[in-house]
Amino acid sequence: MAARATVLIPTYGQARFARWAVKSAQRQSVADLELCILCDGSPPEMVAFFEDMAREDPRIRVFVFPKAPRTGEPHRHLVLAQT
């Protein structure tokens, strides 16, 4: 059964900023959601950070891609197609 809502969080750069977005989504009143974290060329330590979060919350899925041009629009399409 599909989740009631999907939250797509694209990341690149510093994990602490994306962490705020993840924590905010986790606290929403709609608990039946999936959190898709799209790592667009993110460094390995950032990917590991989000993979640790995913182990703690089964609603989180981490997608890792090489850096795309601009802001990773092609990757977003691929992730959304899997939700």
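Under the rule of at least 5 residues apart or a separate chain, name every residue whose amide H is placed under 5 Å from the amide H of Glu34.
Residues meeting the amide H criterion: Ala5, Thr6, Val7.
Would you be so kind as to identify which of Phe17, His77, Ser42 lies farthest towards the positive end of the dipole of the chain, taking Lys and Arg as +1 and Asp and Glu as -1 on Cβ and the Cα centre as origin?
After comparing all options, I get Phe17.
Quick check: at a probe of 1.4 Å, how many percent of the accessible area of the chain sits on carbon and sulfur atoms?
C and S atoms contribute 57 percent here.
As I understand it, the value is the acute angle between the Cα axis of helix 15-26 and the longest principal axis of the Cα atoms of the chain; what does it come to in degrees, rounded to 10?
Tilt of helix 15-26: around 20 degrees.
Please calculate how many Å² of accessible area the chain carries per residue, with a 1.4 Å probe and no DNA, RNA or ligand atoms counted.
That works out to 63 Å² for each residue.
Roughly how big is the chain's charge dipole about its Cα centre, with Cβ charges of +1 (Lys, Arg) and -1 (Asp, Glu), in debye to the nearest 20?
200 debye
Read phi for every residue in region 38-50 and hand back ³J(HN,Hα) as whole Hz from Karplus 6.51 cos²θ - 1.76 cosθ + 1.60, θ = phi - 60°, with x for Gly and Pro.
For region 38-50, the Karplus curve yields 9, 8, 9, x, 5, x, x, 5, 6, 4, 4, 4, 6 Hz.
The values are calculated or read from the model by the stated rules, or taken from the named source; none is laboratory data. Predicted, not measured: the structure shown is a model, and the values here were computed from it. Note: ideal-geometry Cβ built from the backbone for every residue, glycine included; neighbour counts use all protein chains shown. The protein model used for the area step is the full one, side chains on, heavy atoms only, and it has no ligands, DNA or RNA in it. Shrake-Rupley method; radii C 1.70, N 1.55, O 1.52, S 1.80 Å.
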